[in-house]
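Data first, discussion second: the structure below is written as structure tokens.
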Amino acid sequence: MTAAQLIRWLWRDYLQPWRWWFGLAMVLMSIEGATVGALSLLVKPMFDRVFVGGSPQAVLWVAAMVGGVFLLRALTGLSHKIIMARLGERIVAAMQGDVLRHLLTLDQSFYTRHPPGSLIERTRGDSGAIRNLASQVVAALGRDLSSLISVLAVVLWIDPVWTLVAVAGVPLLLLPIMALQRLVRKTSRKARAAAADNATRLDEIYHGVTTIQINGIETREADRYRQAQNRYIRQQMRAEAGSAAIPALIDIVAAIGLAGVLTYGGYQIVGGEKTVGEFMTFFIAMAAVFDPLRRLGAISGAWQSTRASLDRVVQLLQTPARITSPAQPAPVPADRGRMDLAFEDVSFGYGDGVAVLRDLSFTAEPGRTTAIVGPSGAGKTTLFKLLTRMADPDTGRITVAGTDLRDLDLGDLRGLYSVVAQDTALFDETIRDNILLGRTDVTEAQLAAAVEAAHLDGVVASLPRGLDTPAGPRGSALSGGQRQRVAIARALLRDAPILLLDEATSALDAASERMVQDALDRLSRGRTTLVIAHRLATVRSADMILVMQAGRIVERGRHDDLVAQDGVYAQLCRLQFAE
């Protein structure tokens, strides 16, 4: 995206709603900038009529004018800084919200390529660069451009020839500054990528802190993070050096120009052609010319850094959602008794050329339990991703009550499922919030019934704040069995016609497993139920067992029939039950 396209995007999506406040801030910035020219202009009467002329009347009005200009500068400066700070935070919040909403529409393959730490940095860090745009770039354009124009008018009024002598070297800056801007943009992009790597390292360290401590690799992980920090520092320092070089070049040109004016103007004052007041007004105004020039040069580097971050934001926002609702969704099947799930010649791979599922066909019948078993890597969990449209099959189709899943609205489709997985996702909120997930249509009686049916009531009663006890980060304040029961209570309240169970009891001890299994049995009554299980003892009573191997169904039937076949399932049974 070019700079012009980026600015148009910013204006259309984020700045335009605040255009009146933005316009007011620009007016205030322009007034503050113009005060620099006004102060420069007051230097001439200060020297010629007060210091040299000794006029008592001039002392009062010059002092009043200088004081008034400084007061105006203070008020306008304070006002536009407050306005721009508010706009900056509002725009950052809006941009971060847009990024998050878009990321939540992307399918699972995107998240396998982009770790959480990197996405957090891109959502917060890169979007936060808009603050620099508001506080530095826009402020400099409004205030310093106005200041530059006002003081240029003053120096041209004093002496155009002196002005030409002072700024003669400015054109020489164009090519070096353009080269530095390209360098800053390039290194800033690398610095932002390195910052995302840092965030990823921290995310992995904090989530794996138990493993790190148990294995005694604290020093190793700290060293790896330090190396990631050093990579970021190297790139950031190159970007900072490039940004700092731009005002430094302007200072060199200013030194040459002002030395020329001192030499040329000094001889004119000695010869009586110019007054001391004229020279001091010019000299101070000319110094004031280079000051906003330095800041404008510095913000050109800041803009390149900001642009690098905003380019990454735009890249995220332009990432297309591969799983979307159809333009005209089919009606959701209304008859809970007809919620059969059918796979018809389904094949699927994750884009690495390896097929995970191959020509898969089966039907999970309404009101019955279908179990899916097999060794790790057989493709069992992938089935649930396809059912919930976290991914779409490469070939074939999947239907619910005869309707292709791709013909249904995504929200309606996912509303058909209740899911209880081995790794239950809980949020750092209360147990009540984790069960309700934002629902406001559940009465206390319904909530209590769900908690009791999930065998969670005993746990809640033992907690000091009951349902209002925090679950902790990722549910860490609860045991594995307690987290599973929270998920079951959530599923009971959801009351969806299809139940998906993914290794729901595999990580539990015997006592917890009995309670969770009893709650699951209650939950599955009258529902189309699919169960993924490694522990075959939990699916012996299933109405249909599908045995998967290398992405295909190699056996199907009830437990006793499969044992009698003495095939893959029977071998798995002998291994597990012998243990």
Practice task
Report whether or not Gly216 is closer than 30 Å to Gly472 by Cα, part of a loop (DSSP other than H, G, I, E, B) and modelled with pLDDT of 65 or more.
Solution key: yes
Practice task
Give the residues of the stretch 340-361 that are surrounded by fewer than 20 Cβ atoms within 10 Å (Cβ to Cβ), under 21 Å from Ser524 (Cβ atoms) and in contact with an Asp or Glu (Cβ under 9 Å, 6 or more places away or on another chain), sorted by residue number.
Solution key: Asp340
Handout entry: Test: Gly242 is modelled with pLDDT under 70 and either in contact with a Cys (Cβ under 7 Å, 6 or more places away or on another chain) or crowded, with 17+ Cβ neighbours inside 10 Å (or both)
Key = no
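For (1) under 30 Å from Leu10 (Cβ atoms); (2) at pLDDT 70 or above; (3) crowded, with 18+ Cβ neighbours inside 10 Å, each residue gets a yes or a no:
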residue	(1), (2), (3)
Val137	yes, no, yes
Ser146	yes, yes, yes
Ser150	yes, yes, yes
Leu156	no, yes, no
Val170	yes, no, no
Arg182	yes, yes, no
Lys186	yes, yes, no
Ala196	yes, yes, yes
Exercise for the section: Scan the stretch 427-449 and give yes if some residue there is at pLDDT 85 or above, of a type in the set (D, E, K, R) and touching a helix residue (DSSP H, G or I) at 6+ places or on another chain (Cβ under 7 Å), otherwise no. Expected result: yes
Practice task
Sort through Gly367, Gly415, Gly379 and tell me the only one that's in contact (Cβ under 8 Å) with a residue 40 or more places away in the chain and within 24 Å of Pro329 (Cα to Cα).
Solution key: Gly415
Handout entry: Total residues in the stretch 356-405, condition aromatic (Phe, Trp, Tyr) and under 16 Å from Ala421 (Cβ atoms)
Key = 1
Practice task
Taking Val419 as meeting all but one of (1) crowded, with 19+ Cβ neighbours inside 10 Å; (2) in contact with a Ser or Thr (Cβ under 9 Å, 6 or more places away or on another chain); (3) over 21 Å from Asp521 (Cα atoms), write down the number of the exception.
Solution key: (3)
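The values are calculated or read from the model by the stated rules, or taken from the named source; none is laboratory data. Just so you know, these numbers come straight off a predicted model, no measurement behind them. Heads up, the Cβs are rebuilt from the backbone with ideal geometry, glycines too, and the neighbour counts pull from every protein chain shown.
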